[in-house]
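Below is one structure, written out as structure tokens, with a few remarks after it.
The values are calculated or read from the model by the stated rules, or taken from the named source; none is laboratory data. Source: prediction; values computed, not measured. Virtual Cβ from ideal backbone geometry, glycine too; neighbours counted across all protein chains shown. Just the protein is used for accessible areas: all its heavy atoms, side chains included, with ligands, DNA and RNA removed. Shrake-Rupley method; radii C 1.70, N 1.55, O 1.52, S 1.80 Å.
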Amino acid sequence: MPLPTRVRLIDVGPRDGLQNEKQPVPAAIKIELVHRLQDAGLREIEVTSFVSPKWVPQMGDNAEVMHGIRRREGVRYSVLTPNMKGFEAAIAAPRAEWPDEIVVFGAASEAFSQKNINCSIAESIERFAPVVEAARAKGIAVRGAMSCTVGCPYEGDIAPEKVKYLAGLMRGIGVARVDVADTIGVGTPRKVQAALEATLAHFAVDEVSGHFHDTYGQALSNTLAALELGVWNHQSSVAGLGGCPYAKGATGNVATEDVVYMLHGMGIDTGIDLDALIDTGVFISQALGREPNSRASKAIRTKRAG
Ligand code: HMG
Ligand code: MG
């Protein structure tokens, strides 16, 4: 199969990235990050999550961040909503501040489901169903994130059948598209392809996105393996921010800068300005007091300085 000629990147840095920061990150910095991402050409941004602030304090400013962002036409802003309480909070603001898309998030592993959202896979689907229905009724798009599709920090290897099962449940409640997440970055190309193929039993290739954490340095290879299957929607974090608070040791998503460098080098269009993206990664990393976790960023900045 020929590789896709264009790729749509969803930057999840403001959410997946910053949710894991120990130090408080001011809402103004998060808002500025969203603005810089959209100015760099990102057309999908996962902004925040409407989860319990006791579980994830870092996202407690969700409403403030959604209120503060300056919307740009053609950009899709998404937020995580694990239950009706989260969904109601996400639409408590005036319509102009509603998310364009909400994300329900489940897991292919029972143990991870329990640790992350405090319920079984079956219970999670029961909680998601009214959220999906309510969102659709209001004209809000719905995505489903599927965690631990390759490996789980508690259960180890995850069989593709479990991914297929979850994808079927997500399809059954009306989720329009799904993310196949390697939450702890243990996947290698063939395993990731098996998880994607299991998902493709229930979703069309245009409805599936790859969400690869880079813990073992496999995320770019896994992205290429997904492209080989025609999967052209991918999630990444500027500056490689992040990790999941309920997946100990898991590092950030693959850096958006590294994915863009690879894709552009292959002649694949992303609509993203790599230089502006690198500056965005520097901005957020400086705010956090560290270097961007992106090899392409480092190399290009070294070259610039020379
Ligand atoms: P629970 O304790 O089972 O919920 O948590 P509950 O319904 O029993 O409510 C308990 C308390 O939480 C109550 O407050 C509720 O009002 C409140 P209290 O009476 O004790 O004061 N509550 C809420 N508050 C705000 N917003 C809400 C909400 N719901 C209940 N939406 C719950 C269940 C899902 C809420 C909890 O487990 C939770 O918030 N988990 C957060 C999980 C999370 O955010 N994880 C990180 C994101 S997932 C991820 O990173 C993976 C991904 O990137 C893909 C990948 O890489 O795998 C997407
Ligand atoms: Mg993630």
Set of lysines near K191 by C-alpha distance (under 29 Å), chain-local residues within fewer than 8 positions excluded: K115, K162, K164, K248
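Over the stretch 1-97, average the accessible area per residue using a 1.4 Å probe and give it in Å², no decimals.
Numbers: 4460 Å² over 97 residues.
Heavy-atom SASA per residue in the stretch 1-97 reads 46 Å².
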Among A96, A145, I117, flag the residue with its Cα farthest along the positive direction of the charge dipole of the stretch 64-165, charges on Cβ as +1 for Lys/Arg and -1 for Asp/Glu. A96
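Per residue of the chain, what 222 nm ellipticity follows from adding -39500 (n - 2.57) for every DSSP H run with n ≥ 4, rounded to the nearest 500?
Values: 11 runs with 123 residues, N = 306.
Value at 222 nm, helices only: -12000 deg cm²/dmol.
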Mind ranking 263-271, 192-200 by how tightly packed they are, going by the mean number of other C-beta atoms within 10 angstrom, highest first? 192-200, 263-271
Using a 10 angstrom cutoff on alpha carbons, build the Gaussian network for the chain and name the most mobile of G106, G187, G86. G86
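How much of the accessible area of the chain, in percent, comes from carbon and sulfur atoms when a 1.4 Å probe is used? Walk me through the numbers on the way to the answer.
Values: 6500 of 12550 Å².
Answer for the chain: carbon and sulfur cover 52 percent of the accessible area.
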So, with points 7 Å from each Cα along the Cβ direction, the M266-Y165 label distance in nm works out to 3.2 nm
Keeping every protein chain present and rolling a 1.4 Å probe, give me the accessible area per residue for the stretch 186-306 in Å². 41 Å²
So if I place +1 on the C-beta of Lys and Arg and -1 on the C-beta of Asp and Glu, and nothing else carries charge, what would the dipole magnitude of the chain be about its Cα centre? I want it in debye, nearest 20. 240 debye
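Hey, can you rank 49-59, 159-169 by average C-beta count inside 10 Å, highest first? Can you show the working numbers first?
Values: 49-59: 18.1, 159-169: 19.6.
For the peptides 49-59, 159-169, the packing ranking is 159-169, 49-59.
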For the chain, with a Gaussian network of springs between Cα atoms less than 10 Å apart, report the residue from A90, A176, A145 with the top mean-square fluctuation. A176
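Using R₀ = 41 Å, calculate the FRET efficiency as 1/(1 + (r/R₀)^6) where r is the Cβ-Cβ separation of E110 and K138; round to 0.05. Before the final figure, lay out the partial values.
On the way: r = 31 Å, r/R0 = 0.76.
Computed FRET efficiency for E110 and K138 comes out at 0.85.
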Over the Cα atoms of the chain, each weighted equally, I'd like the Debye log10 I(q)/I(0) at q = 0.10, 0.11, 0.13, 0.16 Å⁻¹, rounded to two decimals. -0.48, -0.58, -0.84, -1.36
What's the FRET efficiency of D273 with K22 using the Cβ-Cβ distance as r and R₀ = 45 Å, to the nearest 0.05? 0.90
Peptide ranges 294-300, 92-98 listed from the most packed, as the mean C-beta count within 10 angstrom indicates: 294-300, 92-98
For K138, counting only lysines whose alpha-carbon sits under 22 Å away and dropping same-chain residues fewer than eight positions off, the answer is K85
